[in-house]
Amino acid sequence: MAKIQKLSKEQILELFHRIIDCIKSQKRGYFVLKKLKGVHGWCEWEDGIILDYRKDLIPTIIHECIHLLEPTWSESQVAYS
Ligand SMILES: [Zn+2]
């Protein structure tokens with residue numbers, strides 16, 4: 001299992017701005033709200049991000065956008081970030 005990399009404050013800020021740009025650049029329809037089982041959200045890469053509207057949307061959208069921006073990161077690295 002890949003070691004989790006601790007991010008510096010600067011790296012977190014840089015990632016945060018990339019997440020904001022990523023969310024803003026998606027066309028309408030990219031984010032889909034559905035009832036999901038077992039997960040809060042799901043990243044379908046360029047096809048869209050599915051979010052369970054019954055869960056916290058903001059942390060979930062940030063989490064799924066990190067998957068999109070850093071596809072090589074493990075689930076634990078994304079969750080930790
Ligand atoms: Zn994830």
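Coordinate-derived values only; no laboratory data. For clarity, every value in this text was computed on a predicted model and none was experimentally measured. A quick note on method: Cβ atoms are made from the backbone with ideal geometry, for glycine too, and the neighbour counts reach across all protein chains shown.
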On Cα atoms only, tilt of 9-25 relative to the major axis of the chain in degrees = 20
Average projected area [Cα convex hull, the chain], square nanometres = 5.6
Separation between the GLU46 and ILE23 pseudo-spin-labels, each 7 Å from Cα along Cα→Cβ, expressed in nm?
-> 2.4
Gap separating the Cα centres of segment 1-19 and segment 39-81, nearest whole Å = 15
Residue (of ILE50, ALA2, SER25) at the positive-pole extreme of the chain, dipole from beta-carbon charges = ILE50
Least to most buried among ILE66, ILE61, ILE12 (fewest other Cβ within 10 Å first) | ILE12, ILE61, ILE66
How many lysine pairs are close in the chain, with Cα atoms under 30 Å apart and the two 8 or more places apart or on different chains?
-> 17
Residues SER76, SER25, sorted so that the one with the fewest Cβ neighbours within 10 Å comes first = SER25, SER76
Additional length obtainable on full extension of the chain from ASP56 to LYS6, 0.36 nm per residue less Cα span = 15.6 nm
Most exposed to least, judged by fewest other Cβ atoms within 10 Å, ASP47, ASP56 sort to ASP47, ASP56
By how many degrees, 0 to 90 and rounded to 10, does the Cα axis of helix 57-69 deviate from the longest principal axis of the chain?
-> 60
Would you kindly state the longest site-free stretch of the chain, with sites defined as trypsin sites (Lys or Arg not before Pro) in a DSSP loop (not H, G, I, E, B) surrounded by at most 10 other Cβ atoms within 10 Å?
-> 38-81
Express in nm, to one decimal, how much length is gained between LEU13 and SER76 on full extension, taking 0.36 nm for each residue of separation and deducting their alpha carbon distance.
-> 20.7 nm
